[in-house]
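Here the structure comes first, spelled out in structure tokens, and everything after it is commentary.
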Amino acid sequence: MTEKSYNKNLVIIIAAVAATGGLLFGFDTGVISGAIPFFQQDFQLSNSMVENITTAGLVGAVIGAMFTGRLSDIFGRKKTILSAAIIFVIGAAWSGWAPTPELLIIARLFIGLAIGISSFSVPLYIAEISPTHMRGRLVSLFQLLITIGILVSYLSDLAFANNNNLESWRPMFYMGIVPGFILLVGMFFLPETPRWLMSKGRETEGLKILKKIEEPALVDESMKRMKEELEKDKKRPNFREVFRPWLRSALIIAVGIMFVQQFVGINTVIYYSPKIFMIVGFEGARAGIWGAVSVGVVNVAFTVLSLFMIDKLGRRKLYFIGLGGIIVSLFALGLVFAFHSILGDMGKWLAIIFVWVYIAFFAISLGPLGWLIISEIFPLRVRGIGSSIGSLSNWLFNGVVAFTFFKIVKLFTASGSGIITHEKIYDTATNSFSMQAIDNGNPAGAFWFYAAIGILGMIWGYFYLPETKHVPLEKIEDHWRKGGKPKDL
Ligand code: BGC
């Protein structure tokens, strides 16, 4: 009786920590977008320096994701997440304080480490500690919370954005201390996962915790299954198993789906949307951030929708519908920018509508599909390594796209077609603001470039995207062992 009620409380705390873990990941992904227009002017930065600062966070995430598997095996899941929370708090304070662009780069690199660590270790912790009947729901809750975190960061950016205060970016970054602190405190109250404790031979402790979180009738079975899995893990040859020929398809799928997810340019919209909206004619950084908030709302709404569709429609159908919509809206966005001078004021409304359509199609397909597919296609023995290669590819490709966006814009801007905005620039010599003309290039070509990659993604998907709906995971393994093709699954 007492055990039952304790059990419930613990599950609620687990859900809350899962929530802050996801929220933080999303918050720190999104916060930079509203901050960019301000620190760019405050530090008088070129677009390529802005790319460096944005990319620094991603480089940190790649490094974090790379080492977290080992770290969480050695020190345990709980300590790994606690250290991520500490890095989040310090990194947020440091980002807000940074007196020079160089120090801001280091601060973003530092906070990126925490993003990388938590993107891998929080879902792992949740999966290992959730009671069986709630596992799926709690893991997808984490994904939904990433998008909510992005939205919250846009709203907090909006609250602090003051067109007359170039240092508005500082409180935006400081805000990240709050969720970091909540994660830190929340995590103190949570136990280590039974699975990790057992892997270290701490069976009695593991069983004690398992009894608190698992339904009493399932405790013995869970314990047995865990022991079997650990036994199998012991026999795991090594890292190289995942590169064996029979698993080649799985590897191509994991890396490929993340390539398509990132190279349709999703994060140019997530990170740079205020800037994009300013270029198309919304005046001032605040209006740009409002545009971004609307993007965040659409993203959350359609991610919720996808949770209902993903098991009904299946992966392939969603992939093709979603990617189709993405390609069409990217193409249309390119047209809007190419003809912006003819479209006049209507251009900015068309741009925002197509960005919404783009985000909606992404949120029902590539967004959730990427993370889902990488967790399904590898056999249990190599699932950890396999999915970490997937998330590593995600951050790597994300970094490449963020780092090259403005360069691609420049590359594809025909001479004379650059869009000129008049922005309030602070002149340190005269200590005052003045309106100055800035040539932003024209992103039309960049959007068409991403659309073209989307078309390649369609062809790739036809051959490589497996339909894993309702397929038992063991059958997927069998299929690879028999040399089956992904599309025949
Ligand atoms: C992607 C992120 C992206 C987010 C947007 C995720 O699935 O991996 O790169 O920022 O979706 O909602």
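The values are calculated or read from the model by the stated rules, or taken from the named source; none is laboratory data. Because the structure is predicted, anything quoted here is derived from the model rather than measured. FYI the Cβ positions are ideal-geometry reconstructions off the backbone, even for glycines, and counts take in every protein chain you see. Accessible surface is based on the protein model in full, side chains and every heavy atom, while ligands, DNA and RNA are left aside. Shrake-Rupley method; radii C 1.70, N 1.55, O 1.52, S 1.80 Å.
Which whole-number value in Å² is the accessible area per residue of the stretch 1-106, probe 1.4 Å? Walk me through the numbers on the way to the answer.
Values: 4050 Å² over 106 residues.
I get 38 Å² per residue for this part.
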Quick calc: nm separation of the 7 Å Cα→Cβ label points for residue 380 and residue 228 -> 0.6 nm
Filtered hits (aspartates and glutamates, Cα-Cα < 14 Å from residue 469, offset >= 8 within chain) -> 311, 376, 488
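Sort 82, 190, 109 from largest to smallest accessible area, using a 1.4 Å probe on the heavy atoms of the protein chains.
Working: 82 25, 190 5, 109 65 Å².
The ranking, largest first, comes out as 109, 82, 190.
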Excluding ligands, DNA and RNA, the carbon-plus-sulfur percentage of the accessible area of the stretch 336-481 with a 1.4 Å probe reads 69 percent
Residue by residue through the stretch 301-314, the couplings from Karplus 6.51 cos²θ - 1.76 cosθ + 1.60 with θ = phi - 60°, in Hz, x for Gly and Pro, are 4, 7, 5, 4, 4, 5, 4, 7, 8, 4, 8, 8, 6, x
Using a 1.4 Å probe on heavy atoms of the protein chains only, the accessible area for residue 448 in Å², nearest 10, reads 90 Å²
Here the Cα Rg-to-2.2 N^0.38 Å ratio for the stretch 299-404 is 1.30
Sorted by chain and number, the residues with a modelled amide H under 5 Å from that of residue 441, at a separation of 5 or more or across chains, are 419
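For the pairs 317/482; 317/485; 317/487, note any where the Cα-Cα span goes beyond 20 Å. Provide the component values of the computation, followed by the final result.
Details: 317/482 25 Å; 317/485 18 Å; 317/487 12 Å.
Distance filter (> 20 Å) returns 317/482.
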Stretched fully, the stretch from residue 203 through residue 488 gains (0.36 nm per residue minus C-alpha distance, one decimal, in nm) 98.4 nm
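Roll a 1.4 angstrom probe over the protein heavy atoms and tell me the percent of accessible area of the stretch 26-110 that is carbon or sulfur.
Details: 2080 of 2840 Å².
Carbon plus sulfur share of accessible area: 73 percent.
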Given backbone amide H placed at 1.01 Å from N, residues whose amide H is under 5 Å from that of residue 468, ignoring those fewer than 5 places away on the same chain, are 315, 316
P(r) of the stretch 179-332 over all Cα-Cα pairs, 5 Å bins starting at 0, rounded to whole percent, reads 2, 7, 9, 10, 10, 11, 14, 14, 10, 7, 4, 2, 0
Check: in the stretch 175-291 the Lys pairs 8 or more apart or on separate chains whose Cα atoms fall under 22 Å apart number 18
Whole-Hz Karplus couplings 3J(HN,Hα) for the stretch 458-475, θ = phi - 60° and coefficients 6.51, -1.76, 1.60, Gly and Pro as x, run 4, 5, 4, x, 4, 8, 10, 7, x, 8, 9, 4, 6, 8, x, 4, 5, 5
Counting only residues 5 or more apart in sequence or on a different chain, those whose built amide H sits under 5 Å from that of residue 162 are 168
Rounded to the nearest 10 Å², the accessible area of residue 405 using a 1.4 Å probe with every protein chain kept is 10 Å²
With all protein chains in place and a 1.4 Å probe, residue 470 shows an accessible area in Å² (nearest 10) of 140 Å²
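Residues of the stretch 158-265: accessible area per residue at 1.4 Å, in Å²?
Details: 5650 Å² over 108 residues.
Value for the stretch 158-265: 52 Å² per residue.
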Averaging 1/r across every pair of distinct alpha carbons in the stretch 64-123 and inverting yields a Kirkwood hydrodynamic radius, in angstrom, of 11.6 Å
Ordering 128, 228, 215 by the accessible surface of their heavy atoms, 1.4 Å probe, largest first, yields 228, 215, 128
Taking only the alpha carbons of the chain, the radius of gyration and the largest Cα-Cα distance, Dmax, both in angstrom, are 23.1, 75
Straight-line reach check, residue 79, cutoff 18 Å on alpha carbons, 8 or more apart in-chain or any other chain, hits among aspartates and glutamates -> 128, 192, 205
